[in-house]
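Quick note: the coordinates plus some simple rules give every number you see, no bench work behind them. Keep in mind that what you see is a predicted model, and the values were worked out from it rather than measured. For neighbour counting, all protein chains shown are included, and Cβ atoms are generated from backbone atoms with ideal geometry for every residue, glycine included.
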Amino acid sequence: MQHLGFSHQKLRIGSFDFTCCEGCQLQLANRESNLPDFLNLLDIRNFREISSERHDDYDIALVEGSISRPDEIERLQDIRKRATVLIAYGSCACFGGVNSLKNRFPIEEAIEEVYGDHKVETMPVRKISDIVKVDFSIPGCPVSKKEVERIVVAVATGSVPSLPAWPVCVECKQNQNTCLFDLGEICLGSITMGGCDAVCTTGKTPCLGCRGPAEGINYPALRQLVSERGMSLDELDEKLRFYNCFTTFTDGEEH
Amino acid sequence: MAKNINCDIDVHHLTRVEGHGNIEIRIRDGKLEKAQWAVVETPRFFEVMVKGMSAERVPFLTSRICGICSISHALASIRSLERAMGITPPPAAEKLRLLAMHGETLQSHALHIFFLAVPDFVGTPSVLPLIESNPEIVQTGLRLKEAGNSISALITGRCTHPVSLVLGGVSKAPGKKELQALRAQLLQCIPDLAATAEFCATLSIPDFERETEFVSLYNDSTYPYIGGDLLSTDGVRREENDYLAMTNEYSPEFTTTKFTRLSRESFAAGALARCNNNAGLLRPEAQKTAGDFGLAPVCHNPFMNNIAQLVECVHIVHDAVAHIDELLEDPLDRIRSAWKPRAGAATGAVEAPRGILYHHMETDEHGKIVKGDCIIPTTQNNANIHHDLDALARWALERGKKDGEIQLLCEMLVRAYDPCISCSVH
């Protein structure tokens, strides 16, 4: 394997999923035209969704999903021990994701609602970094395959991976969209980390913040804007809650 | 039958399926003592998460039930909520939604056939060795999968977790140039489908059968994807809102998914069920493929679900081209209907890649969700997989198969259903 004339070892990689939809893992199989080249960069040691071959020696662990059962904690700690680098990918792994919406209800009530008398084991949803050290996070619901490729290639070639600092608004403007606020919609694009090419707002649906906060955001100004325009703060809160990404800003607020 | 055979098959977290499930088979002195399919996936409680949420947000939440069939989940919620609140989407939006379903089903079927099922038939642990040994067939599979993703990306904004499927219609129409390009890409799939059929004809499909009841949507006029009556091959036919009478969920102790039943101990949903109930409504090209493989209703061989998926890929590509031709003639200026929230309750049934999917939503007068219920195709298939495993292990014993062969057959059987396990434990 050559990069800029330098040869390097294939990256020994494992992909693991916890409480989630497995949509982020599926992104790895997308962008089919360069898939064989991307796979050529990797030595896939453990990836249950696509291969029956399973080995426990890997340098990089890609971890998808949030944690919601005691056996998941053990499995995650074991993966952490074996991996040199652990990458949390997807909003469930990075923030808890939509699964966290369950945490608004008492566990017993949740079990009763879905399973009746049949007792199943579950606990409040936690993100991966609540349990083990995470070396790098790739947010998104789902992650963007382009971004995963960029970061895996960076790790493979020994360069430092980074995420955008700018908000979704920057990419939305580049795509020449009309601001959704001007169309009467509450949009989280101004406080959410870019890197998604503003895919939702370009499709004329508001950003729900799946990539978490951009750097240096002005959260109070967003609340003020929503109030000034006579829009619903309840709706804003519903959107802020959606992926559990903005708790640093919303925790402790009284509504 | 081998009288002396003793074996314990314990497949923990079966590979090449979506989600976590275990197969357990115990044979003593040539007699089957236990055959079990247990799902051990962590439940996520979407029916709880959805409570109190605004209706317009719901499809964006429920699409996250599944990374493979997110479009089906979004559309099941949308159909349920539109019926509950009396919203009628414009006809062009309905066509765009059907195309989106086609995109999802094509990518899902291609992923299953080439990445998940084929390695068993050719004796490799994954598709990866085939990139070297059979590059043409891998490229064929990738092109078909990519074509499915191209449909989804153009119509819904991206391949997974759709952006522009909204209550009342769709939020953005595709451009005519992009539709033309998609049409051209789909036409290029036709030789790829022929190559896939030729390749599949070389695979040796086990001739195992177990008499089974099959359930799918049915609407008299078109091969069904969004809405319609609920039909079983045992002759049960019900209206969409009667989904509970069609599923009868219950919770066995050994699994975190629920099981379902109708006229028998279990039933099956999916591509084979759709073909069994709607064979005459397939596009002629797809009917021909079905005929070439001897797939005729009612087919009771669960391994033929792989072939039914191929038949559906043929149907989808031709049907998608026909719909694009109609959309190219449409100004696409009416794609979204205005609506007001109101109290109501209704079921939305769609045919997800793996079978019939029900969402049932109840709203209050502000359009907030009071109650939600989702019944997933794999949930409906789990009991059938469980009973099939029992019959298959007996069938294999009668033919003197060794434990390694029995295990492979059992794994292939579960994979043939293309189970979406995290989806079934939502």
Q. Which one of B:His387, B:Trp339, B:Leu357 has its Cα pushed farthest toward the positive end of the charge dipole of segment B:336-426, where Lys and Arg give +1 and Asp and Glu give -1 at the Cβ?
A. B:Trp339
Q.
Can you give me the angle between helix B:403-416 and the longest principal axis of chain B, using Cα atoms only, in degrees from 0 to 90, rounded to the nearest 10?
A. 10
Q) Taking the Cα centre of the protein assembly as shown as the origin, how large is its charge dipole in debye, to the nearest 20, when only Lys and Arg (+1) and Asp and Glu (-1) carry charge on their Cβ atoms? A) 800
Q) What's the local net charge at B:Lys95, with K and R +1, D and E -1, over the other residues with C-beta under 12 Å away? A) -4
**Q.** Under DSSP loop assignment and at most 16 Cβ neighbours within 10 Å, longest trypsin sites (Lys or Arg not before Pro)-free interval of chain A
**A.** A:11-118
Q: Using only alpha carbon positions, build the gyration tensor of segment A:168-250, then give the equivalent ellipsoid semi-axes as the square roots of 5 times its eigenvalues, largest first, whole angstrom.
A: 18, 15, 11
**Q.** Acute angle (nearest 10 degrees) that the helix B:70-85 long axis makes with the longest principal axis of chain B, alpha-carbon atoms
**A.** 50
Q. To the nearest 20 debye, what charge dipole does chain A have about its Cα centre, counting +1 at the Cβ of each Lys and Arg and -1 at the Cβ of each Asp and Glu?
A. 800
**Q.** Rounded tilt (10° steps) of B:377-398 against the dominant C-alpha axis of chain B
**A.** 20
**Q.** Fewest-first ranking of B:Tyr243, B:Tyr225, using other Cβ atoms within 10 Å as the exposure measure
**A.** B:Tyr243, B:Tyr225
Q: Restrict the search to segment B:172-263; then list the GluC sites (Glu not before Pro) that DSSP places in a loop and that have at most 13 other Cβ atoms within 10 Å of their Cβ.
A: B:Glu211, B:Glu239, B:Glu253
Q: Would you mind ranking B:Asp403, A:Asp56, B:Asp192 so that the residue whose beta carbon has the fewest other beta carbons within 10 Å leads the list?
A: A:Asp56, B:Asp403, B:Asp192
Q.
Given Cβ point charges of +1 (Lys, Arg) and -1 (Asp, Glu) and nothing else, what value in debye, to the nearest 20, does the dipole of segment B:46-423 about its Cα centre take?
A. 1020
Q. Going toward the positive end of the dipole of chain B, with +1 on Lys and Arg Cβ and -1 on Asp and Glu Cβ, which of B:Gly123, B:Ala92, B:Ser216 do you reach last?
A. B:Ala92
(Q) Can you tally the net charge around B:Ala195? Count Lys and Arg as +1, Asp and Glu as -1, for every other residue whose Cβ sits under 11 Å from the Cβ of B:Ala195. (A) -2
(Q) Using Cβ counts within 10 Å as a stand-in for footprinting exposure, how do B:Ser152, B:Ser337, A:Ser68 rank, fewest first? (A) B:Ser337, B:Ser152, A:Ser68
(Q) Loop only by DSSP, 16 or fewer other Cβ within 10 Å of the Cβ. Give me the trypsin sites (Lys or Arg not before Pro) in segment B:376-426 that pass, ordered by residue number. (A) B:Arg399, B:Lys402
Q) Within segment A:163-207, what residues put their amide N at less than 17 Å from the label point 7 Å along the Cα-to-Cβ vector of A:Arg150? A) A:163-175, A:192-200
Q) Taking B:Lys31 as the anchor, which aspartates and glutamates have their alpha carbon closer than 19 Å to its alpha carbon, excluding any fewer than eight residues away along the same chain? A) B:Asp8, B:Asp10, B:Asp388, B:Asp390, B:Glu398, B:Asp403, B:Glu405
Q.
For segment B:352-414, which GluC sites (Glu not before Pro) pass both filters: DSSP loop (anything but H, G, I, E, B) and at most 13 other C-beta atoms within 10 Å?
A. B:Glu365
Q) Looking at this model, which pairs from B:Lys95/B:Lys176; A:Lys10/A:Lys133; B:Lys95/B:Lys288; A:Lys145/B:Lys145; B:Lys95/B:Lys172 are more than 19 angstrom apart at the alpha-carbon? A) A:Lys10/A:Lys133; B:Lys95/B:Lys288
